[in-house]
Amino acid sequence: MKSKRRLFLKNACAPVLFSIMGIPLIEACSKNEDSSDNSLDFASPPSSSGPIEIDIGSSKFNAIRSIGGWMNYTEENLLLIRITENDFRAFDNACPHQGVRNKWSYEENTFTCSQHGNSFSNECGGGLKCYETTFKDNILTVTR
Ligand code: FES
């Protein structure tokens with residue numbers, strides 16, 4: 001019993017404890033004191049593990065049909081770019097700075113995260129987590 005009470009006191013936030021003691025406070029308990037924008041999409045584990053096969057012929061991937069095209073494949077948390085006819089690059093779409101996803105723009109071989117304005121090269125080793133890719137018979141395989 002004593003240890004349960006100790007655990008409760010340890011985990012309860014101050015406004016709750018003050019309220020229990022009869023001191024009213026109008027403040028929400030929150031462990032996310034640092035989060036001012038609840039719409040941010042922070043890094044989470046990939047939605048699947050292992051190789052992902054992408055049919056470039058699907059209209060969903062029109063953006064990477066031409067050389068220089070890119071897209072944020074949000075369902076798999078991947079940034080995809082077509083470098084040449086047969087060469088693609090795939091990166092985790094989590095920003096290396098603070099892990100925010102889906103704030104990307106791409107220009108002149110550089111991805112820029114609009115959250116704080118950091119930029120990253122489209123080269124593997126340029127800051128973004130890079131995955132191995134192979135391309136055969138219009139199927140792009142990304143291994144992570
Ligand atoms: S989270 Fe991307 S620049 Fe800070």
- prompt: Which residues, counting only those in the stretch 90-113, are assigned to a loop (DSSP other than H, G, I, E, B) and under 14 Å from Y73 (Cα atoms)?
  reply: N93, N102, K103
- prompt: Does the stretch 114-132 contain any residue that is assigned to a loop (DSSP other than H, G, I, E, B), of a type in the set (A, V, I, L, M) and within 16 Å of the ligand (Cβ to nearest atom)?
  reply: yes
message: Any residue in the stretch 81-97 that is closer than 23 Å to N118 by Cβ sitting within a Cβ distance under 7 Å of a residue that is within 12 Å of the ligand (Cβ to nearest atom) and of a type in the set (G, A, S)? List the pairs, counting only those 6 or more apart or interchain.
response: A94/A43; P96/G127
Residue selected from the stretch 78-113 under the condition away from the ligand (no atom under 11 Å from the Cβ) and basic (K, R), by the criterion surrounded by the most Cβ atoms within 10 Å (Cβ to Cβ): R82
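We did not get these values from a lab; they are worked out from the coordinates using the rules stated. This is a predicted model, so every value here is computed, not measured. Backbone-built Cβ (ideal geometry, glycine too); neighbour counts: all protein chains shown.
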